[in-house]
Amino acid sequence: MPAEDFAEQLNIFDRLKFRAGYGVLGNQNFPNPYPTSAVINSGLYAVFGTAEDINQGATQTSLTNPNLVWEATRQMDIGMEAGFLNDRLGIEIDWYRRHTFDIIAAVPIPGYVGSAGDPIVNTAEVLNKGFDIMVNWRQSGTFSYNISANFSPVRNEVLNIGLGKTEIFDAFINGEPATRSVVGLPLGAFYGYRVAGIFQSAEEIAASPKFGNEVPGDIRFADLNGDGKLNAEDREYLGSPIPT
């Protein structure tokens, strides 16, 4: 029996459609223009020797990357649409898996290299996967209306940092990073100190690890490694910046 006839005999669906898709899309977007050639600054000089002669010189102030390729996203989608009750009730469900690789970023290099700017390279890999679910009710007649709702849970995960790195810190506040990207966690994961409560008294402050200027009413942070001090070793993953 053809699938269409089987669906009609169920007498449930007014409309039923399945779909699937796969593709790879390149992305050349980057906040700044790509450097197409290195820049040499020749307007430099230095004094050398006992005669203190002025010697002209040059240095490379920006780098280019001939191996740079487009950032790319490989995506797969599977979905369905269904209509019920004379097609007044509609439901759409899609599952997707989006793998982005060769992500373009400016990577810091040591100052002794002499370049004023960081080179732009292909670096990390990130995975996004989740569902898009939409429910729609429409009524036609003397008074017509349409009501819809959608639900889109998503999971973001770093698959690879690249360039031999194990972590990337960013969003620095008072010299300390507010985000940390590592394999297995979301991109730009919040990174900081765990709140353990509120200081209630001077006695509690005196008996607790602290930064040094706390007063009653200030936040009390957890000493995660138990060494009696609050420092960088007590920071941890605090959540994802991407809504679930």
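Report the relative contact order of the chain, percent, no decimals, based on alpha-carbon pairs under 8 angstrom and at least 6 residues apart.
Values: 502 pairs, mean separation 30.1, N = 244.
This gives 12 percent for the chain.
This model, with +1 at the C-beta of Lys and Arg and -1 at the C-beta of Asp and Glu, gives the chain a dipole about its Cα centre of some 440 debye. For the pair residue 93 and residue 195 in one chain, pulling the backbone fully straight at 0.36 nm per residue adds 32.8 nm over the alpha carbon distance. Residues 142, 100, 61, 166, arranged from fewest to most other Cβ atoms within 10 angstrom of their Cβ, appear as 142, 166, 61, 100. Near the amide H of residue 124, within less than 5 Å, lie the amide hydrogens of 103, all on another chain or at least 5 residues away, with H placed in the peptide plane.
Legend: calculated FRET efficiency, residue 218 to residue 107, from the Cβ-Cβ distance at R0 = 25 Å, rounded to 0.05, equals 0.10. Debye-formula intensities of region 166-244, expressed as log10 I(q)/I(0) at q = 0.13, 0.26, 0.27 Å⁻¹, are -0.47, -1.20, -1.24 (one equal scatterer per alpha-carbon, no solvent). Model label sites at residue 169 and residue 74, defined 7 Å from Cα along the beta-carbon direction, differ in position by 3.4 nm. Under the simplified labelling scheme, the residue 138-residue 11 pair shows an inter-label distance of 2.7 nm, with each label point 7 Å from Cα along Cα→Cβ.
Step by step: find N for the chain, compute 2.2 N^0.38 Å, then divide the Cα radius of gyration by it. What's the final number?
Here the answer is 1.61, to two decimals.
Each residue of region 39-56 was assigned a 3J(HN,Hα) from its phi angle through the Karplus curve 6.51 cos²θ - 1.76 cosθ + 1.60 (θ = phi - 60°); the sequence is 10, 10, 9, 9, x, 10, 8, 8, 9, 9, x, 5, 7, 6, 7, 7, 10, 6 Hz, with glycine and proline shown as x. When exposed loop sites are taken as trypsin sites (Lys or Arg not before Pro) in a DSSP loop with at most 16 other Cβ atoms within 10 Å, the longest stretch of the chain clear of them is 1-87. Once each of the chymotrypsin sites (Phe, Trp or Tyr not before Pro) sitting in a DSSP loop with at most 16 other beta-carbon atoms within 10 Å is removed, the chain keeps 71-142 as its longest stretch. The GluC sites (Glu not before Pro) found in region 144-244 that occupy coil by DSSP, while having at most 15 further C-beta atoms within 10 Å, are 167. What the Cβ-Cβ distance of residue 231 and residue 155 gives, at R0 = 25 Å and to the nearest 0.05, is a FRET efficiency of 0.20.
Every number in this text was worked out from the coordinates using simple rules, so none of it is lab data. What you see is a predicted model, and the numbers here were worked out from it, not measured in a lab. With ideal geometry, Cβ positions are generated from the backbone for all residues, glycine too; neighbour counts draw on all protein chains shown.
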